[in-house]
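The values are calculated or read from the model by the stated rules, or taken from the named source; none is laboratory data. Please read these numbers as outputs of a predicted model, since none were measured by experiment. So basically every Cβ, Gly included, is an ideal-geometry build from the backbone, and we count neighbours across all protein chains shown.
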């Protein structure tokens, strides 16, 4: 790889890795930030890799890192550069593996974001017409197909212990001639069935993750209601969708007190007497609290201050 993060060559091999060190994200970041100007080989390598990671991150905007609006709790904000470096090299490895597998098994692909349907794009069209540009992406799914161009099929999996990773490793080993591809992977109908099962399990895992985040959110705000600011993301007849950037939370607000006129095309909502007007992306002052609708049934309530 050149200093401009251009890949010169890629080598694929089954090997044993001898690590020179085992560092946490914070330890790697500490070497990056050290003011004593450490010049040992390990620190120099870390700084060079982080510098390459920054270049790689600027080279393209990846859909996998686009803001989704999901609730996210950031545990450590002091290791951003180290985290991003690992992410960039992980994605580069995924692309390289995808190229290798595609070269030997062009009839099979593994993961993509389907084209958004019309209902998904409608809010984007309204927002774009009102102020400018936005983003919309569907949930990535696993599939078996040979009719897509390579540029649409470069993101395979993340390096975690999952069956999707096992499949990728088996395809890569077969492309290198290390192992024979299992018979179930050679039949497209059987492989499609495997991909469908992966999608089902993957969505179940995501739903469990969402439920976990919701539980954590409720635990955080149950005893500590607070006021904060949130911009308007979308205006609909029932009210407007807001986003709380401080906590990564989305929610709907319904304006109260009198009659309101909603213009979904222009993304505006105003009181009929003309005294109040809300626009897309306008920042609102809101109150956040947890309310118990039924025994053991909690909900996050957002209201205008």
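Quick look at the numbers
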item	result
Residue within region 246-253 that is over 28 Å from residue 296 (Cβ atoms), surrounded by 14 or more Cβ atoms within 10 Å (Cβ to Cβ) and assigned by TED's automatic domain parsing to the domain that holds residue 274 present	no
Boolean, residue 5 is surrounded by 15 or more Cβ atoms within 10 Å (Cβ to Cβ) and either in contact (Cβ under 8 Å) with a residue 40 or more places away in the chain or assigned to a loop (DSSP other than H, G, I, E, B) (or both)	yes
Among residues of region 160-178, those that are outside any helix (DSSP H, G or I) and either modelled with pLDDT under 80 or touching a strand residue (DSSP E or B) at 6+ places or on another chain (Cβ under 9 Å) (or both), counted	3
Qualifying positions in region 273-301 - surrounded by 10 or more Cβ atoms within 10 Å (Cβ to Cβ), under 21 Å from residue 258 (Cα atoms) and either outside the structural domain of residue 237 (by TED's automatic domain parsing) or without any contact (Cβ under 8 Å) to a residue 40 or more places away in the chain (or both)	276, 277, 301
Number of positions in region 254-272 that are loosely packed, with under 15 Cβ neighbours inside 10 Å and assigned to a strand (DSSP E or B)	2
Scan of region 184-200 for residues that are touching a strand residue (DSSP E or B) at 6+ places or on another chain (Cβ under 6 Å) and farther than 10 Å from residue 167 by Cβ, ordered by number	199
Hits in region 222-232 - residues which are surrounded by fewer than 18 Cβ atoms within 10 Å (Cβ to Cβ) and either part of a strand (DSSP E or B) or touching a strand residue (DSSP E or B) at 6+ places or on another chain (Cβ under 6 Å) (or both)	222, 225, 226, 227, 228, 229, 231
Residue count for region 282-305, restricted to those that are under 29 Å from the mean Cα position of the chain (by Cα), assigned to a strand (DSSP E or B) and over 12 Å from residue 244 (Cα atoms)	8
